[in-house]
Structure formats: structure tokens, C-alpha cells
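Right, one structure below, let's go through it.
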Number of protein chains: 2
Amino acid sequence: MNTWEANIRKVVPYTPGEQPNEPDMIKLNTNENPYPPAPGVTKALKEIHTDTLRLYPDPTAGDLVHAIAQNYGLKDEQVFVGVGSDDVLAMSFLTFFNSEKPVLFPDITYSFYDVWADLFRIPYECKALDENFCIRKEDYFGENGGIIFPNPNAPTGVELPLSDIEEILQHNQDVIVIVDEAYVDFGARSALELIDKYENLLVVQTFSKSRSMAGMRIGFACGNAQLIKYLNDVKYSFNSYTMDRTTLATGVAAIEDQAYFQETCAKIIATREWTKKELAALGFSFPDSKTNFIFASHESCPASELFGALRQEHIYVRYFPKPRIDNHLRITVGTQEEMEKLIEFLKKYLKK
Amino acid sequence: MNTWEANIRKVVPYTPGEQPNEPDMIKLNTNENPYPPAPGVTKALKEIHTDTLRLYPDPTAGDLVHAIAQNYGLKDEQVFVGVGSDDVLAMSFLTFFNSEKPVLFPDITYSFYDVWADLFRIPYECKALDENFCIRKEDYFGENGGIIFPNPNAPTGVELPLSDIEEILQHNQDVIVIVDEAYVDFGARSALELIDKYENLLVVQTFSKSRSMAGMRIGFACGNAQLIKYLNDVKYSFNSYTMDRTTLATGVAAIEDQAYFQETCAKIIATREWTKKELAALGFSFPDSKTNFIFASHESCPASELFGALRQEHIYVRYFPKPRIDNHLRITVGTQEEMEKLIEFLKKYLKK
């Protein structure tokens, strides 16, 4: 080792899902939306004058913050924006999780949580989901340095009822509780309605899934104004200008079109429900998903085998070779046509 | 204080320069380029299909990394990209400055360095510039936990000769030395030619100044492949997808047009030299700037007064009410026409 390596922070980085790029592929591996962003996004992009790109963007991302606040009936000072919800969550770990006590999150969950904890040297403890992949609320009633979980959970797709979330909050008034709602728009109930009641609650959402904007990197957090101020202070201490001009313009257009948003989510939910029936008929089982993916296991064919077989057909799904979930596939809900092709192949492959 | 506030990281954030937005203003306060980005940027923006925005961008930012590497005759694995050079520098502080010994930087310098050190709880020590605002290389020969300085320095505009940088490197083989070259393209000599010789040297640059892309947030670091790997590991542990699709496309277009880049820089340098003469004739003094700004002090009129007077005319410059520099104005070099208006006003105001 070179002597200059002594003081370097060495980490095992998060491995993002692969991003294959083949013309005929069916890409069901990173929970992207199969439908394009709202039509207004095209217009917003066209209207950007290249000359303005020489100027710094608004560091407060004021227009975007305002559009999000309006959409959810909040005040601007209750909204924080970042470069995707990963950026928002990373800033939140850095800002809020500074206790000696462990931060709590589920054992099967978004695989970035332990990566951030390791990066920032935050102690943490994983609480096992029950045998149906459900969060046991009682696990989160003890002493801790903060709590985070996705709702619905990933990669399971399971929703925790809002009443359970409220019970967790009632037992945790002294720490920050973060509900990571990346997939909430596909049929689950948001904890946003609780932020005025619990000032230590932060709700994080993203434009990457339900708003078809994974390529533009927009995430946001909602909470009481004091929490948002602390988050902004850290953000301004890290990088003042995170949201570029095209992101700000297209982001506003994406959130303003409520009708398109609802229509797109409804289509995905309908296709998901159709796919569930077909998968069940083929011998798959899965927890009831309230997201844009299905976490499925087959009664006889191992997930790893299916993963490889689908891949050969250029149908990409996600497989996690991890304890407890290494016989499951996480299948993103694509268009109805894509899911019909998937089912058609599975029927053939499983000889049903 | 609420009990949940106990474990929150509380920081004094960096205050970005104000971003006024008035139709008739002359904006010389945040060192933006007065000329638009390369013509190819407009084309790149037009060619983005909105439909692709639903997909995650390439997490490796491969095309942009490759374009930068090609431009500087480097290998792709010697280049790291981030959301502006602030993002690159923040990641570098987090990755490389983990010693118990203090990181060293000048007392008068980019005002974000101490903010990052405070944010990440990194010990640091400021070394005073000499009376001519020059870095004294000997100050950096002692034991330390890492070194960072801008070259040319900001907000002074003073260049440190490459031979001095090399001497600093020779005295510091055991720590990471970062040369922050945000302004290097306006006539200074880059330390890039030293990265193959010193594997602990990281050179950071930006698209925000010389490439007219402040609004798109692109910065980059060059160094040996091992340094870049450590930086990428931390970046992937923080946020895998930092560079959005429009940034990647426009960034490639911006760096590929070498002729436009050289022409723009030459125009700014010519205007800077003209402005220096005019300012000197008006009784201003300033260190010799190799940047796109001039750090000037008037023989009789206090900087704070001039700042206010210019502001009333909607001419915005930067004023730092800090020890040693509170009688200076940092004046960005705008177009020739803008600088003529500035000089015209100063002549009138100073009754010359």
C-alpha cells in the first residue's frame, strides 16, 4: 500500500442495477416507468435557451420546491429537493443520524441504507421482517438513534399500514423517523398526512418512478420547516447548486400535470394486477405488491435459473443473491404489452 | 430545543453569491462566463428524446468521462465527474481527508474549504498568504493531513508557479494534494502535466467558468486511476446516479468544441487585460489576475461604498466583508461591452 493511502475512506460501494441497452430488450430490472414523462416536459426542454446555461441555477430550486409544495398542499419551507431520492436520503443520514445509538431499519430493505451508514460511520441494527416479509412494528419501539424504512418496502413491495407507522412514531418522539416512499404512488397510503402532527417525521419521495423522470434525478423530502432547514443547511455546506437548469424546468412541468400522473399510475396498477393473476396461475407466489414491481418466487423453478433464462431472451429482471430472498425475482411492471410477452415466455419456459 | 434535535448535525452553511435577476443588470458577481456554451450544446439539447428521461442515466457517466479524458490525453480511469466542482471537492474531502492531522489551505481562499472541513469534522489549519496575496510554499512543507488550494487562487486571482506546486508535492508524498483549478483556463498553467509523476495529486476543474456551463453543474477530477477509484467508491456509496441525461449529453458537446473554447477564453483574457489598464488608470490596484475576475482595491474609495454604488446601477460585483480583504471587490470579467459600461460608471463615480 502506498503511504498516501493511509487516510483514505475505503468503502464497499452500492452496486446499482445493471443498465443494459439493447434495442429489443424488455427492461424490468430497475423499476423505471414504462411510460414517458408528462407532455409538458418536452415543451419545457424545448423552451430552455442554451444561453442561460452559462448562468448558475437558482440554488434554492425555488420554482421546483414551490411546485412540489403546491401539489401536496404544503408550504415551500416544508419541502427539500435533491439529485434523486438517493441524494435526499444520503443528506438525511448525514444530517439526522448522529447518535451513538443504532439507527434501525429492516433486514430486507433498500440495499443503500447500510451503505450510507457505513460511509458515514453510523451504527445501525437491522430488524428482521416476519415470515411474510412484513415489518413488525414492535421491533422499532426500543431505544435507537433514528429509524428509516421504505413504505411500501423494497424489494418486497409490502405496505405497512399508516396506523402502524403512527404507532412507531408515538414510540419515537426523540429521534428522526424517515419514511422512504419511492413507490407510494402505486396504490399505498402516504405518511405525508402525518407531518403536521409529528415534527420528527420526514417523508421522502422521488420523480424517478411514478413521474417517469429517473433520467433527470429529482427526489424530495417533506417535513416540518425546522427539519427542512437543518437539511438545507447541510446541503448548502456540501454543494450549493445541486439542481441544474434543465432539471428545474422539466421537474416543474412533470409535477404540474396531475391528470397525466394519475392516468399513468392507474395504467401501471391495472397491468400489475393482471400480471399478479397470471403469475399466480403459473405457480408463482408473492407478497401483495403496492408498488410498480412484483417480488415473486416460483414453486419449483429456482429464481437464479429463471433470471438466467429471462436474460437470454433479453428480458431483464432483478435478482438479489442474498439470504432469505435468493429465491425471488423482483419484476418491474412494464407496459401491458411487455408483461404479456413476459408471461408468454414464462408459460413456454415453465411448460404450463 | 425539541428532544429530537439532539443528534442533528448543525452547521453554518456556505453562503452562495446572490443570484439577482433583473433584465438590465450587469452580472459580474459569480464569475460566470459572459458567452453562451458551445453551439453543439444547443444541438445536443434539441436531440434529447423526452421518452428516454424515464430511464436512469449511465451511472458511470461513461461518455462524458471519455470526452474529458480524450480532451486532456488521459485514460478514462483517470477521470471522475460530479455535480459541479463543489460536488467533486466535497466527495474529495470525504474520501481523502481522514487524518487526525490538520488539512492545510490558505487563509484567503475559496470559502467552501472550511465549510466542508466543519461539515465532515476534519481538522484544518489555514496558512496566511503573504502581503501580496501569494501562497508561501514553505508553509506547506510541515506535517499535515492533506493539502488543498486553488490555482489560480480565489478570490485573489494569483497564480502559483508550477515549480512551487511541484516543490509542495515533493514535500508531501504521504497525503493527498488537491489543486483546485476552477479558473486555470484563463491563462494559468495546469498541474495536469504532473499527475503521472505524482500519484497522490488530484487536479479538479469545472465546466462552470471557461465552458459556460454553470447552469448544468459539471465538475471533474483527474488523477491516477487508484485515486479515482477511491473517489468513485465513495460517490457510489453516496449517490449512484448523480449526472442526469441532459447534463451528460450537453457536457460532451461542451467539451468537444475545442475551437470555440479557445476563442471564448481568448476574448475574456483580452477584455481582462483591457479592464486591468482602465482600473489602474482609475486608481485601483490588484494582484495580477490569471482568472476571469479581478480582485481590486481603490486608493481612496472604500470597497464597501463602491459595492453599494455599483449595485444601485444594477452592476453586481462580489464583496467579502472578511479580515484582510474587506477593502477589495471581486469583479468578474464580462463582455467587452459590459466592462466598458463598468469603467464608464466608475469614471463618473470617482470623478476622474
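The values are calculated or read from the model by the stated rules, or taken from the named source; none is laboratory data. Every value quoted in this text rests on a predicted model; they were computed, and no experiment measured them. For neighbour counting, all protein chains shown are included, and Cβ atoms are generated from backbone atoms with ideal geometry for every residue, glycine included. The accessibility values were calculated without ligands, DNA or RNA, using every heavy atom of the protein model including side chains. Shrake-Rupley method; radii C 1.70, N 1.55, O 1.52, S 1.80 Å.
Using only DSSP helix segments of four residues or longer, with each worth -39500 (n - 2.57), what per-residue ellipticity at 222 nm results for the protein assembly as shown after dividing by its residue count and rounding to 500?
Estimated from H runs of four or more residues: -11000 deg cm²/dmol.
Given the options B:Ile147, B:Val79, B:Gly215, identify the residue whose Cα lies farthest towards the positive end of the charge dipole of the stretch B:39-257 (+1 on Cβ of Lys, Arg; -1 on Cβ of Asp, Glu).
B:Gly215
Treating the beta-carbon of each Lys and Arg as +1 and of each Asp and Glu as -1, no other charges, what is the dipole magnitude of the protein assembly as shown about its Cα centre, to the nearest 20 debye?
It works out to roughly 780 debye.
Could you work out the mean count of beta carbons from other protein chains within 10 Å of each residue's beta carbon in A:111-121?
Mean shielding by partner chains, rounded to a whole number: 2.
Counting only heavy atoms of protein chains, what accessible area per residue, in Å², does the stretch B:207-304 have with a probe of 1.4 Å?
28 Å²
Counting only C-alpha contacts under 8 Å and six or more residues apart, can you give the relative contact order of the stretch B:130-189 as a whole percent?
43 percent
What FRET efficiency would be calculated for the residue pair B:Glu344, B:Asp76, taking the C-beta separation as r and a Förster radius of 60 Å, to the nearest 0.05?
E(calc), rounded to 0.05, equals 0.80.
Normalized C-alpha radius of gyration of chain B, against 2.2 N^0.38 Å?
Here the answer is 1.01, to two decimals.
Through the Karplus equation 6.51 cos²θ - 1.76 cosθ + 1.60, θ set to phi - 60°, convert the phi angles of the stretch B:305-322 into ³J(HN,Hα) values in whole Hz; use x for Gly and Pro.
5, 4, 3, x, 5, 5, 4, 4, 7, 6, 9, 9, 10, 10, 10, 10, x, 10
Mind checking the mean number of beta-carbon atoms from other chains within 10 Å of the Cβ atoms in A:206-213?
Averaged over the peptide's residues, the number is 2.
Loop-only chymotrypsin sites (Phe, Trp or Tyr not before Pro) in the stretch B:137-214, please: DSSP not H, G, I, E or B, and at most 14 other Cβ atoms within 10 Å.
Values: sites: B:Tyr140, B:Phe141, B:Tyr183, B:Phe186, B:Tyr198, B:Phe207; in loops: B:Phe141, B:Tyr183, B:Tyr198, B:Phe207.
When the chymotrypsin sites (Phe, Trp or Tyr not before Pro) of the stretch B:137-214 are filtered for loop state and at most 14 Cβ neighbours within 10 Å, B:Phe141 remain.
Report the residue, chosen from A:Asn153, A:Asn71, A:Asn172, that carries the largest GNM mean-square fluctuation when chain A is represented by alpha-carbon nodes joined by springs under 10 Å.
A:Asn71
Considering every residue in A:156-164, what mean count of other chain Cβ atoms within 10 Å of its Cβ is obtained?
0
Cross-link candidates for B:Lys347: which lysines have Cα within less than 18 Å, leaving aside residues fewer than 8 places away along the same chain?
B:Lys276, B:Lys277
Amide H to amide H, which residues 5 or more places from A:Arg9 or on other chains are under 5 Å from it, using H placed in the peptide plane?
B:Phe96
Can you list the residues, at least 5 places off or on another chain, whose amide H is less than 5 Å from the amide H of A:Tyr110, using H built in the peptide plane?
A:Ala154
For labels at B:Ala6 and A:Ala6 in the simple 7 Å Cα→Cβ model, what's the distance in nm?
3.7 nm
Nearest-to-axis residue of chain B, judged by Cβ, for the B-to-A rotation, with distance in whole Å?
B:Thr246, 2
Enumerate by residue number the trypsin sites (Lys or Arg not before Pro) in the stretch B:36-124 meeting two conditions: DSSP loop (anything except H, G, I, E, B), and at most 15 other Cβ atoms within 10 Å of the site's Cβ.
Passing sites in the stretch B:36-124 are B:Lys75, B:Arg121.
Tell me, what ³J(HN,Hα) does each residue in the stretch B:30-39 have, in order and in whole Hz, if you take phi through Karplus 6.51 cos²θ - 1.76 cosθ + 1.60 with θ = phi - 60° and put x for Gly and Pro?
10, 6, 6, 7, x, 9, x, x, 3, x
Past 23 Å, Cα to Cα: identify those pairs from B:Lys46/B:Lys235; A:Lys209/A:Lys290; B:Lys27/B:Lys341, in the order given.
Numbers: B:Lys46/B:Lys235 30 Å; A:Lys209/A:Lys290 13 Å; B:Lys27/B:Lys341 12 Å.
Where the Cα-Cα span goes over 23 Å, the pairs concerned are B:Lys46/B:Lys235.
For B:Thr206, list long-range residues whose amide hydrogen, built 1.01 Å from N in the peptide plane, is under 5 Å from its own amide hydrogen.
Placed amide hydrogens put B:Phe220 under 5 Å from B:Thr206.
Would you please report the Å³ per residue occupied by the convex hull of the alpha carbon atoms in the protein assembly as shown?
Normalising the Cα hull of the protein assembly as shown by residue number yields 153 Å³.
I'd like to know which of B:Asn2, B:Asn200, B:Ala266 lies farthest towards the positive end of the charge dipole of chain B, counting +1 on Cβ of Lys and Arg and -1 on Cβ of Asp and Glu.
Projecting each Cα onto the dipole axis, the largest value belongs to B:Asn2.
Could you check the spin-label model distance between A:Glu125 and B:Asn21? Points 7 Å from the Cα along Cα→Cβ, value in nm.
Each label point is offset 7 Å from its Cα along the Cβ direction, giving 4.8 nm.
DSSP beta bridges in the stretch B:39-257, what fraction antiparallel, as a percent rounded to 5?
Counting DSSP beta bridges with both partners in the stretch B:39-257, the antiparallel share is about 40 percent.
Restricting attention to the stretch A:296-352, which GluC sites (Glu not before Pro) occupy a DSSP loop and are surrounded by at most 14 other Cβ atoms within 10 Å?
Here the sparse-neighbourhood loop sites are A:Glu299.
Could you give the size of the charge dipole of the stretch B:39-257 about its Cα centre, using +1 on the Cβ of each K and R and -1 on the Cβ of each D and E, expressed in debye and rounded to the nearest 20?
720 debye
What ³J(HN,Hα) values, in whole Hz, does the Karplus curve 6.51 cos²θ - 1.76 cosθ + 1.60 give for the stretch B:45-50 when θ = phi - 60°, with x put for Gly and Pro?
For the stretch B:45-50, the Karplus-derived couplings read 5, 5, 7, 6, 7, 3 Hz, x marking Gly and Pro.
For the stretch A:52-68, list whatever residues lose no less than 30 Å² of accessible surface once every protein chain is in place, relative to that chain by itself, with the probe at 1.4 Å.
Buried by 30 Å² or more upon assembly, which counts only protein chains, are A:Leu53, A:Arg54, A:Leu55, A:Tyr56.
Within the set of other residues whose C-beta is less than 12 Å from the C-beta of A:Ile135, count the net charge using Lys and Arg as +1 and Asp and Glu as -1.
-4
Using a 10 angstrom cutoff on alpha carbons, build the Gaussian network for chain A and name the most mobile of A:Met243, A:Met91, A:Met25.
Of A:Met243, A:Met91, A:Met25, the Gaussian network model singles out A:Met25 as fluctuating most.
Roughly how large is the B-A contact in terms of buried accessible area, totalled over both chains, probe 1.4 Å, nearest 100 Å²? Show your work: numbers first, answer last.
Details: alone 16480 and 16490 Å², together 26010 Å².
Answer for the B-A pair: about 7000 Å² buried.
Return the carbon/sulfur percentage of the accessible area of chain B, one whole number, probe 1.4 Å, all protein chains in place. All intermediate terms of the calculation are to be shown ahead of the outcome.
Values: 6340 of 13000 Å².
Taking all protein chains in place, chain B shows 49 percent carbon and sulfur surface.
Can you check what the net charge comes to around B:Leu248, using other residues whose Cβ is under 12 Å from the Cβ of B:Leu248 (Lys, Arg +1; Asp, Glu -1)? Don't skip to the end; give the middle numbers.
Working: positive: A:Arg217, B:Arg217, B:Arg245; negative: A:Asp244, B:Asp58, B:Asp63, B:Asp244.
Net of charged neighbours comes to -1.
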